[in-house]
């Protein structure tokens with residue numbers, strides 16, 4: 001009986017109780033347990049513990065953890081099914097929203113969407129909805145959900161305006177590409193924060209600063225002198241997005257404080 005043989009037995013058990021789960025989830029669980037066992041064996045050998053005792057300890061941990069493993073599987077299956085149902089709901093809502101311009105096209109010639117327009121709009125709406133579901137499916141804090149909703153709605157509006165009418169100057173003005181930097185700041189910030197509320201608050205604050213910087217650059221470049229733009233329009237439109245990003249940052253900060261208070265409660 002060696003620790004390595006016992007670790008292989010545990011790996012078979014993990015593969016058994018993760019059977020039927022999505023491959024990424026099952027693989028992540030297998031990798032986590034494998035890494036934990038590897039570190040445990042190395043630590044115990046470093047302390048001078050005999051291999052037989054290490055193996056018995058691993059076996060004991062596996063037996064004592066059977067109930068917890070079964071509970072983990074049940075909760076994971078429930079979350080996966082919930083996310084699947086939510087994704088189907090997002091598809092349905094997207095389809096209903098796209099019916100609005102489709103019906104309008106039958107009633108007036110003012111609305112003339114091409115298949116590409118419908119494809120882009122559908123991708124944006126569906127992508128935003130799925131991103132919201134992915135960001136909030138593990139969140140139990142309603143303030144966090146509202147904060148994520150405000151941030152994603154603002155980002156969707158920003159992309160929509162960039163493509164539809166342009167924010168700075170006329171439609172298709174290369175200056176609008178600067179707003180891709182604002183979105184990049186948010187995406188990188190969310191990845192670094194791992195969607196934790198405190199980090200998300202900093203990411204949204206950075207987006208607000210980037211949005212304000214773009215407006216300042218546009219004014220310095222003289223975009224307010226274009227026939228279609230003015231100082232008030234540039235400041236007003238960009239100020240709206242700055243306010244939305246700052247509002248989302250404030251909500252994320254509030255969610256972080258609420259979460260910290262909830263975590264401190266049981267210890268107190």
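The values are calculated or read from the model by the stated rules, or taken from the named source; none is laboratory data. Being a predicted model, the structure only gives us computed values, none of them experimental. Don't worry about glycine lacking a Cβ; one is built from the backbone with ideal geometry, like all the others, and counts go over all protein chains shown.
Checking residue 78 against (1) modelled with pLDDT under 90; (2) closer than 29 Å to residue 137 by Cβ; (3) touching a helix residue (DSSP H, G or I) at 6+ places or on another chain (Cβ under 9 Å): exactly one of these is not met. Which one?
Of the numbered conditions (1) modelled with pLDDT under 90; (2) closer than 29 Å to residue 137 by Cβ; (3) touching a helix residue (DSSP H, G or I) at 6+ places or on another chain (Cβ under 9 Å), the odd one out for residue 78 is (3).
Which residues, counting only those in the stretch 133-175, are crowded, with 18+ Cβ neighbours inside 10 Å, modelled with pLDDT under 85 and within 22 Å of residue 101 (Cβ to Cβ)?
162, 167
Would you point out which residue out of 94, 76 is closer than 30 Å to residue 34 by Cβ, outside the structural domain of residue 21 (by TED's automatic domain parsing) and assigned to a helix (DSSP H, G or I)?
Step by step, each of 94, 76 is checked, and only 76 is closer than 30 Å to residue 34 by Cβ, outside the structural domain of residue 21 (by TED's automatic domain parsing) and assigned to a helix (DSSP H, G or I).
If I ask for residues that are in a helix (DSSP H, G or I) and either surrounded by fewer than 13 Cβ atoms within 10 Å (Cβ to Cβ) or touching a helix residue (DSSP H, G or I) at 6+ places or on another chain (Cβ under 7 Å) (or both), which ones from the stretch 10-26 would you list?
Scanning the stretch 10-26 gives 10, 11, 12, 13, 14, 15, 16, 17, 23, 24, 25.
Scan the stretch 86-98 and give yes if some residue there is surrounded by fewer than 13 Cβ atoms within 10 Å (Cβ to Cβ), under 30 Å from residue 2 (Cβ atoms) and modelled with pLDDT of 85 or more, otherwise no.
No: zero hits.
Can you find a residue in the stretch 100-119 that is touching a residue at least 24 places away in the same chain (Cβ under 8 Å) and surrounded by 11 or more Cβ atoms within 10 Å (Cβ to Cβ)?
Checking the stretch 100-119: not a single residue is touching a residue at least 24 places away in the same chain (Cβ under 8 Å) and surrounded by 11 or more Cβ atoms within 10 Å (Cβ to Cβ).
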